[in-house]
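These notes concern the structure reproduced below.
The values are calculated or read from the model by the stated rules, or taken from the named source; none is laboratory data. Predicted, not measured: the structure shown is a model, and the values here were computed from it. Heads up, the Cβs are rebuilt from the backbone with ideal geometry, glycines too, and the neighbour counts pull from every protein chain shown. The area values use the complete protein model at the heavy-atom level, side chains included, leaving out ligands, DNA and RNA. Shrake-Rupley method; radii C 1.70, N 1.55, O 1.52, S 1.80 Å.
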Amino acid sequence: QVQLVESGGGLVQPGGSLRLSCAASGSIWSIYAMGWYRQAPGKQREMVALAPTGGNTNYADSVKGRFTISRDNAKNTVYLQMNNLEPEDTAVYYCNIKYKSSWTTPQFSSWGQGTQVTVSS
């Protein structure tokens, strides 16, 4: 069992900033990727930012230059620094990890509970 605990969402004015955090705990032997996704009302969940272990970070075109994903591997924690927020960024944000619990088990994917980000004046 792996648990993801998210924090940092809230209400912010356009142009403002927020920092999301997601801490993973439980039966984790190795993490292969950590990332952030979001889902706005009436829309499908979409990738926001991905940080593969040992690989290059990837961002959705809509957030490039404004959002930064980072990891603290010692704490199994992933962050999303969001600057210059726009009303279109309003959504529930979910963290995701791809991991293995041992070298013999398959790779699994786990999701956080989601945190609301609302950008409004």
Hey, what's the chain come to in accessible area per residue, 1.4 Å probe, Å²?
53 Å²
Fraction of beta bridges assigned by DSSP in the chain that are antiparallel (%, nearest 5):
95 percent
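Which trypsin sites (Lys or Arg not before Pro) in segment 1-77 sit in a loop by DSSP (not H, G, I, E or B) and have at most 13 other Cβ atoms within 10 Å of their own Cβ? Mind showing how you got there, number by number?
Values: sites: Arg19, Arg38, Lys43, Arg45, Lys64, Arg66, Arg71, Lys75; in loops: Lys43, Arg45, Lys64, Arg66.
Of the trypsin sites (Lys or Arg not before Pro), the ones in loops of segment 1-77 whose Cβ has at most 13 other Cβ atoms within 10 Å are Lys43, Lys64.
For the chain, what is the per residue volume of the convex hull drawn over the alpha-carbon atoms, in cubic angstrom?
About 97 Å³ per residue, rounded to a whole number.
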Rounded to the nearest 20 Debye, what is the dipole magnitude of the chain about its Cα centre when Lys and Arg each give +1 and Asp and Glu each give -1 at the C-beta?
260 debye
Of the candidates Gly54, Cys95, Leu20, the farthest towards the positive dipole end of the chain (Lys/Arg Cβ +1, Asp/Glu Cβ -1, centred on the Cα centre) is Gly54
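Within segment 1-79, report the chymotrypsin sites (Phe, Trp or Tyr not before Pro) that DSSP leaves as loop and that have at most 11 other Cβ atoms within 10 Å. Walk me through the numbers on the way to the answer.
Working: sites: Trp29, Tyr32, Trp36, Tyr37, Tyr59, Phe67, Tyr79; in loops: Trp29.
Sites meeting the loop and neighbour criteria: Trp29.
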How high is the relative contact order of the chain, in percent, with contacts defined as C-alpha pairs under 8 Å that are six or more residues apart?
36 percent
Candidates Gln13, Gln44, Gln81, ranked by Gaussian network fluctuation over the chain, Cα under 10 Å, top entry
Gln44
Determine the share of the chain's accessible area contributed by carbon and sulfur atoms, expressed in whole percent, with a 1.4 angstrom probe.
48 percent
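Could you count how many Lys pairs in the chain have their Cα atoms under 25 Å apart, skipping same-chain pairs fewer than 8 positions apart? Write down the numbers at each step before the final one.
Details: Lys43/Lys64; Lys43/Lys98; Lys64/Lys98; Lys75/Lys98; Lys75/Lys100.
Lysine pairs meeting the criterion: 5.
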If you rank Glu88, Glu6, Glu46 by how much accessible surface each has, with a 1.4 Å probe, what is the order from largest down?
Glu88, Glu46, Glu6
